[in-house]
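Peer 1: Structure in structure tokens, see below.
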Amino acid sequence: MKKLWILITIVVIASFALYACDTQAPETPEEEPVAEETTSEEMEEEETEEMEEEEEEAEVEEPGEKVQIRWFVGLGAGSDEPTFEPQNAFVERFNASQDEIELVIEIVDNDVAYDTLATQIAAGNAPDIVGPVGIRGRDSFKGAWMDLTPLIEANDYDLSDFDPNMVQFYQVQEEGQLGIPFAIFPSFVIYNKDLFDEAGAPYPPASYGEPYVDINGEEKPWNIETLTDLAMFLSVDANGNDATMEEFDTENIVQFGWMNQWTDPRGIGTFFGAGSLVDENGDAQIPEQWREAWKWTYDGWWEDWFIPNGVYGGADFLQGPGGPFSSGNLAMIHMHMWYVAPWALGDVPFDWGLAATPAYEGTVTSKMHADTFGIPKGSDHPEEAFQVLTYMLSEEHANELLTIYGGMPARLSLQGDYFEQYEETNFPDKDINWDVVVDSMAYADKPNHESWMPSFQETTDRYNEFWNKLANTPDLDVDAEIEILLQDLQTIFEAAEEIEE
């Protein structure tokens, strides 16, 4: 403070000297500020306050201080423990690549991720980046996402390396461009070669359009009927009987033939054909092909016994790091590309292969997952978040994340040698039928099975309640249960419309 007053004294003396030399200075001192009315104590207080304000500003604008960007993982891939280390390594590489942003990853278990993110958004504590996230995850928070168009335009971000249809895939009416294409996850059949070999059964078709050649050498169309027969033949009890035999013991099953693993009623319905629970007028509907898929699954649970029901689903012999299939006691599943990854299949004690999705009434539908990263509207640093986003999706770094999550690159320039690199990195000793993955893209579901529904979470809870009842209760009138579900969904939709109005 003493140095400060010396400085002030010098300035005042210099001011008087200049004033004395200035012939144009006003002659009436009463027009000058009345400095003598301010006491030395008041001046000292004012100087102290100014210094404190300058110090606070210096703290905020301290050069070299990094902006912290929070990356929320959990709505889709990335919440399984084997993915933690490579994701953290990616964060470390990004942070080391520049000195303006500190990327902080928040990995939340998928079981609680939706509630956690909803709580953060409601509390005004939204993360800056969320992903990877699919359509379901995104539409569970409808209206919460930032339109990226202004950031894309401001940064002159080049979208020419993406299929225009995939760019449009993330354009939502009245909301804007909610994402930039990142990863594509077609679905197909994954089968346990060891179980097929043990049963003497030929493998399912490796390509679309091929017939299935059964154990007797007869060619059959690869459809739901053929799949059912094959899955029953590969469902085995403790005595070695299969589900096609009268001696089959339904209370002591040790191996199942089929499962639409890790999906919900909409995903299982789509196995028989694309559809939606919402009709063109916004009312509830149950597509006819979905009704048939649900009844087929129910019969597989409780009558034909080739699909593990709710009771068997929790049995010890069906537990593995990648769910029931990785246990080695499930012959076939329908699953997405993100499952063909080390965390699910890297350490399984059996050989496996990829095959074509079967047709239902002449039509093949391989449901599609497509992931991206979104920036919530509540982000405090959208510009910096977009910088991180462009690093993640860049031609130089996208493959680092794609290798972790198991997705096909949306960037056209990365698709050429992607599978060769992916196989070399994750399954170096295995020859994988990647052609069927690429070919499955042509059978993607439109509309997508994860698309928006009114009162998304309430609707999801209701149809999951319906599905859990079917999975755990034999001898139900499935048609009657479907009609009850339809009525309940219509009530939910109408209530949601009233709230919007």
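The values are calculated or read from the model by the stated rules, or taken from the named source; none is laboratory data. Fair warning: this is a prediction, and the values are worked out from it, not measured in the lab. Cβ atoms come from the backbone with ideal geometry, glycine included; neighbour counts cover every protein chain shown. Ligands, DNA and RNA are stripped out before the accessible areas are found, and what is left, the full protein with its side chains, is counted by its heavy atoms. Shrake-Rupley method; radii C 1.70, N 1.55, O 1.52, S 1.80 Å.
Peer 1: Output the residues belonging to the stretch 198-216 that are in contact (Cβ under 8 Å) with a residue 40 or more places away in the chain, open to solvent by 50 Å² or more (accessible area, probe 1.4 Å) and among the polar types (S, T, N, Q).
Peer 2: Hits for the stretch 198-216: nothing passes.
Peer 1: Output the number of residues of the stretch 334-364 satisfying the condition of being open to solvent by less than 20 Å² (accessible area, probe 1.4 Å) and under 21 Å from the mean Cα position of the chain (by Cα).
Peer 2: 9
Peer 1: Filtering the stretch 279-297 down to residues that are among the acidic types (Asp, Glu) and at pLDDT 95 or above, which residue is most open to solvent (accessible area, probe 1.4 Å)?
Peer 2: Glu288
Peer 1: Tell me whether the stretch 420-428 contains one or more residues that are open to solvent by less than 10 Å² (accessible area, probe 1.4 Å) and in contact (Cβ under 8 Å) with a residue 12 or more places away in the chain.
Peer 2: So far as the stretch 420-428 goes, yes, one or more of its residues are open to solvent by less than 10 Å² (accessible area, probe 1.4 Å) and in contact (Cβ under 8 Å) with a residue 12 or more places away in the chain.
Peer 1: Still on this structure, please answer the following. List the pairs whose first member sits in the stretch 166-182 and is acidic (Asp, Glu), whose second member is open to solvent by less than 30 Å² (accessible area, probe 1.4 Å), and whose Cβ atoms are under 8 Å apart, counting only residues at least 6 apart or on separate chains?
Peer 2: Close Cβ pairs satisfying both conditions: Glu175/Trp145.
Peer 1: Being among the aliphatic types (A, V, I, L, M), at pLDDT below 90 and crowded, with 20+ Cβ neighbours inside 10 Å is the requirement here; does Met453 meet it?
Peer 2: Taking the combined requirement at face value, the residue does not satisfy it.
Peer 1: On to the next question. Mind listing whichever residues of the stretch 463-501 are within 24 Å of Gly313 (Cα to Cα), without any contact (Cβ under 8 Å) to a residue 40 or more places away in the chain and either of a type in the set (S, T, N, Q) or open to solvent by less than 40 Å² (accessible area, probe 1.4 Å) (or both)?
Peer 2: Once the filter is applied, which keeps residues that are within 24 Å of Gly313 (Cα to Cα), without any contact (Cβ under 8 Å) to a residue 40 or more places away in the chain and either of a type in the set (S, T, N, Q) or open to solvent by less than 40 Å² (accessible area, probe 1.4 Å) (or both), the stretch 463-501 yields Thr473, Glu481.
Peer 1: So, one more: Hey, can you tell me all the residues within the stretch 298-311 that are open to solvent by less than 30 Å² (accessible area, probe 1.4 Å) and either without any contact (Cβ under 8 Å) to a residue 60 or more places away in the chain or under 25 Å from the mean Cα position of the chain (by Cα) (or both)?
Peer 2: Correct list: Pro308 only.
Peer 1: Which members of the stretch 76-107 meet the condition of being over 17 Å from Trp343 (Cβ atoms), part of a loop (DSSP other than H, G, I, E, B) and either touching a residue at least 40 places away in the same chain (Cβ under 8 Å) or of a type in the set (A, V, I, L, M, F, W, C) (or both)?
Peer 2: Glu100, the sole residue that qualifies.
Peer 1: Tally time: how many residues in the stretch 402-419 are part of a loop (DSSP other than H, G, I, E, B) and open to solvent by 10 Å² or more (accessible area, probe 1.4 Å)?
Peer 2: 3
Peer 1: Any residue at all in the stretch 111-122 that's open to solvent by less than 10 Å² (accessible area, probe 1.4 Å), under 20 Å from Gly406 (Cβ atoms) and at pLDDT 95 or above?
Peer 2: Yes: the stretch 111-122 contains one or more residues that are open to solvent by less than 10 Å² (accessible area, probe 1.4 Å), under 20 Å from Gly406 (Cβ atoms) and at pLDDT 95 or above.
Peer 1: For the stretch 454-494, which positions are of a type in the set (Val, Ile, Thr) and under 21 Å from Tyr114 (Cβ atoms)?
Peer 2: Passing the criteria: Thr459, Thr460, Ile492.
Peer 1: Which is within 31 Å of the chain's Cα centre (by Cα) and either open to solvent by less than 40 Å² (accessible area, probe 1.4 Å) or modelled with pLDDT of 95 or more (or both), of Lys193, Lys220?
Peer 2: Answer to the check: Lys193.
Peer 1: Among the candidates Thr119, Thr149, single out the residue that is among the polar types (S, T, N, Q) and under 17 Å from Gly378 (Cβ atoms).
Peer 2: When all the criteria are applied, what remains is Thr119.
Peer 1: Please go through the stretch 195-235 and give me each residue that is over 15 Å from Leu330 (Cβ atoms) and among the charged types (D, E, K, R), ordered by number.
Peer 2: If the condition is that a residue be over 15 Å from Leu330 (Cβ atoms) and among the charged types (D, E, K, R), then Asp197, Glu210, Asp214, Glu218, Glu219, Lys220, Glu225, Asp229 are the ones that fit.
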